[in-house]
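I have placed the structure first, in the form of structure tokens, so that the comments after it can refer back to it.
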Amino acid sequence: MRELLSSAADELARAGCPSPRVDAEWLLAQVLGVTRTDLHANGDKALEPREERRFRELVARRARREPLAYVLGEWGFRRLTLQVDPRVLVPRPETEALVERCLELISELAEPRVLDVGVGSGAIALALADEHPGAFVVATDNSEGALAVAAENRMRAGLDERVELVEGELFAGQQGPFDLIVSNPPYVEADELDGLEPEVARYEPRAALVSTGVTEAIIGDARGRLAPGGALALETADGRSGAVAELLGRLGYEEVSIGQDLAGRERIVDGRAPR
Ligand SMILES: C[S@@+](CC[C@H](N)C(=O)[O-])C[C@H]1O[C@@H](n2cnc3c(N)ncnc32)[C@H](O)[C@@H]1O
């Protein structure tokens, strides 16, 4: 096992993967059905030929810079393990910070009604329903593939009763009123996409990444769907949060604030409709 791991880590390093050793450990742990910690306790173990073949297949996929999350087929987000594949964006740590902020914004409500625009894998919608036991979440997406993944994750999380998935553009006809509207919209500029790491540029869905004015469209139309005092919370591109906050202020949102991701970058903007 030790030798296999170190030759896999070398292969991934040559391919330019930023965390080759850890990635190799994740892949081997999945093949063996154990945790990464267990691997360290069993370094001398020999693998079955079938296990070794499977491991080499997964390493080869990762060496082509396929995101680790797609190769594993699942990814942790907040308290949930979500199924992920190329139909959905890989849920990010900054979005976990957005969920944290949303939970603060609805903390005083026993049964908040929430709308998540662009549900993807279900990350935000499912984490909010999971961590606020009284929340009811409607979540939209215009991608049939993404909604299929979100539905699978909703079932696995046991949240069928409190998360409704709706196919359609933006608000998909949902009028509210909602106590919280949240979105992690596509916000990469089209000409920046090719400059991003291969995992993102080559594998993640373009419609989930490239900005087509979704942020502005949501801001423009959210107010009429918010209850008095209801909150709008958005993830933004690095460097865009100031402009988004200013726009919210101009549109009459109150208590506008900018929040940071785990790396200290300003990536979350929220505000409340007047009470
Ligand atoms: C950046 S991903 C976010 C996915 C998930 N909420 C997350 O945070 O991991 C954006 C999602 O919005 C969806 N989307 C993009 N444009 C849309 C539109 N005009 N109407 C509805 N959904 C849209 C994409 O299909 C994608 O699933």
So, Phe55, is that one more than 10 Å from the ligand (Cβ to nearest atom), of a type outside the set (Val, Ile, Thr) and either closer than 23 Å to Ala207 by Cα or modelled with pLDDT of 95 or more (or both) or not?
yes
Conditions first: (1) outside any loop (DSSP other than H, G, I, E, B); (2) closer than 11 Å to Arg62 by Cα. Glu25 passes all but one, so which condition is the exception?
(2)
Determine, yes or no, whether Gly224 is out of contact with any strand residue (DSSP E or B) (no Cβ under 9 Å at 6 or more places or on another chain), closer than 22 Å to Pro91 by Cβ and among the small types (Gly, Ala, Ser).
no
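Any idea which of Gly122, Gly118 is in contact with a Pro (Cβ under 6 Å, 6 or more places away or on another chain) and on the phi > 0 side of the Ramachandran plot?
Details: Gly122 fails: in contact with a Pro (Cβ under 6 Å, 6 or more places away or on another chain).
Answer to the check: Gly118.
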Per-region count, segment 67-117, residues under 18 Å from His132 (Cβ atoms), over 13 Å from the mean Cα position of the chain (by Cα) and among the aliphatic types (A, V, I, L, M)
7
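Condition (residue is modelled with pLDDT of 95 or more, in contact with a strand residue (DSSP E or B) (Cβ under 9 Å, 6 or more places away or on another chain) and either among the charged types (D, E, K, R) or over 17 Å from Val99 (Cα atoms) (or both)) applied to segment 119-128: is it met by at least one residue? Working first, answer last.
Initially, segment 119-128 is screened for residues modelled with pLDDT of 95 or more, giving 119-128.
In the following step, the residues that additionally are in contact with a strand residue (DSSP E or B) (Cβ under 9 Å, 6 or more places away or on another chain) were identified as 119-128.
Keeping just the survivors that are either among the charged types (D, E, K, R) or over 17 Å from Val99 (Cα atoms) (or both) gives none.
Scanning segment 119-128 turns up no residue that is modelled with pLDDT of 95 or more, in contact with a strand residue (DSSP E or B) (Cβ under 9 Å, 6 or more places away or on another chain) and either among the charged types (D, E, K, R) or over 17 Å from Val99 (Cα atoms) (or both).
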Tell me, yes or no, whether segment 141-155 has at least one residue that is outside any helix (DSSP H, G or I) and either surrounded by fewer than 22 Cβ atoms within 10 Å (Cβ to Cβ) or more than 16 Å from the ligand (Cβ to nearest atom) (or both).
yes
Checking the structure you have, find out if any residue of segment 159-177 is buried (at least 24 other Cβ atoms within 10 Å of the Cβ), within 9 Å of the ligand (Cβ to nearest atom) and in the same structural domain as Ala233 (by TED's automatic domain parsing).
no
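Report yes if Glu192 is within 22 Å of Glu266 (Cα to Cα) and surrounded by fewer than 16 Cβ atoms within 10 Å (Cβ to Cβ), otherwise no. I'd like the intermediate steps shown before the answer.
Details: within 22 Å of Glu266 (Cα to Cα): yes; surrounded by fewer than 16 Cβ atoms within 10 Å (Cβ to Cβ): yes.
Judged against the criteria, Glu192 is a match.
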If you go through segment 78-136, how many residues are within 15 Å of Ser183 (Cα to Cα), of a type in the set (Lys, Arg) and not in a helix (DSSP H, G or I)?
2
Residues of segment 244-275 satisfying the condition of being hydrophobic (A, V, I, L, M, F, W, C) and surrounded by 14 or more Cβ atoms within 10 Å (Cβ to Cβ)
Val244, Ala245, Leu247, Leu248, Leu251, Val256, Ile258, Ile268, Val269, Ala273
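The values are calculated or read from the model by the stated rules, or taken from the named source; none is laboratory data. Just so we're clear, the structure is a prediction, and the values are computed from it rather than from any experiment. Counting neighbours? That spans all protein chains shown, and the Cβs are built from the backbone with ideal geometry, glycine included.
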